1. In the list 73, 103, 94, which residue meets the criterion of being of a type in the set (A, V, I, L, M, F, W, C) and at pLDDT below 95?
2. Before we move on, is residue 48 free of Cβ contacts under 8 Å to residues at least 12 places away in the same chain, of a type in the set (D, E, K, R) and within 30 Å of residue 126 (Cα to Cα)?
3. I'd like to check something: does the stretch 41-62 contain any residue that is of a type in the set (Lys, Arg), open to solvent by 80 Å² or more (accessible area, probe 1.4 Å) and over 19 Å from the mean Cα position of the chain (by Cα)?
4. Mind checking which residues of the stretch 79-101 are open to solvent by 30 Å² or more (accessible area, probe 1.4 Å) and under 30 Å from the mean Cα position of the chain (by Cα)?
5. Any residue at all in the stretch 70-84 that's within 30 Å of residue 130 (Cα to Cα), assigned to a helix (DSSP H, G or I) and not basic (Lys, Arg)?
6. Count, please, the residues in the stretch 113-139 that happen to be of a type outside the set (A, V, I, L, M) and in contact (Cβ under 8 Å) with a residue 60 or more places away in the chain.
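The values are calculated or read from the model by the stated rules, or taken from the named source; none is laboratory data. Keep in mind it's a predicted model, so treat the numbers as computed, not measured. Heads up, the Cβs are rebuilt from the backbone with ideal geometry, glycines too, and the neighbour counts pull from every protein chain shown. Surface accessibility is based on the protein's heavy atoms, side chains included, excluding ligands, DNA and RNA. Shrake-Rupley method; radii C 1.70, N 1.55, O 1.52, S 1.80 Å.
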Amino acid sequence: MTTVLEAELLVHLDQQIHSARQLLKLVLAQGGAIRERDTEAVLARLADIQSEMVRRNRLETERTSLLQRAGAALGMPATNVTLERLCSLITPGAAIAAKERSAELRGLLAEIAREHGINRALMRQELAFLSHLTRLIGQEAEPGYSPPRPNGAPAPSTNYRALDLQA
């Protein structure tokens, strides 16, 4: 059981790392597309990210299975299995490799979360700008505070003129 579990754990961690690197690459590319305002590229990267997330869901199912088998070997529920406990079931060399790979994976996932947060902020900024432009074109009032008008007077009419020519 030890050598099988050991091999499965290390292969699984390698697959997780490969997937996380791919996801990071896609998130970084999406950020570049957002900055360039390349709508088609943003949408293409979103589709690529969704595909990678499907792969990651499969890996998560495999991870759950691995934890269940380790939990059975340790005599505890899978939810209580930690990397430290799992490493008690494998050789010391494999345990060191597993801890190194786990640390690398945690770093990649933190980087993905950070870059994804940046992308979300950039998208919100772009959408706020588009919303502002749309209100200007439609002559809608900006949301927020506006001072009260005396005696219920109507809002002043604002006319925008691109050209004010006279012949």
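1. Answer to the selection: 73.
2. Taking the combined requirement at face value, the residue does not satisfy it.
3. No, the conditions are met nowhere in the stretch 41-62.
4. Matches in the stretch 79-101: 79, 80, 82, 83, 84, 85, 96, 99, 100, 101.
5. no
6. 4
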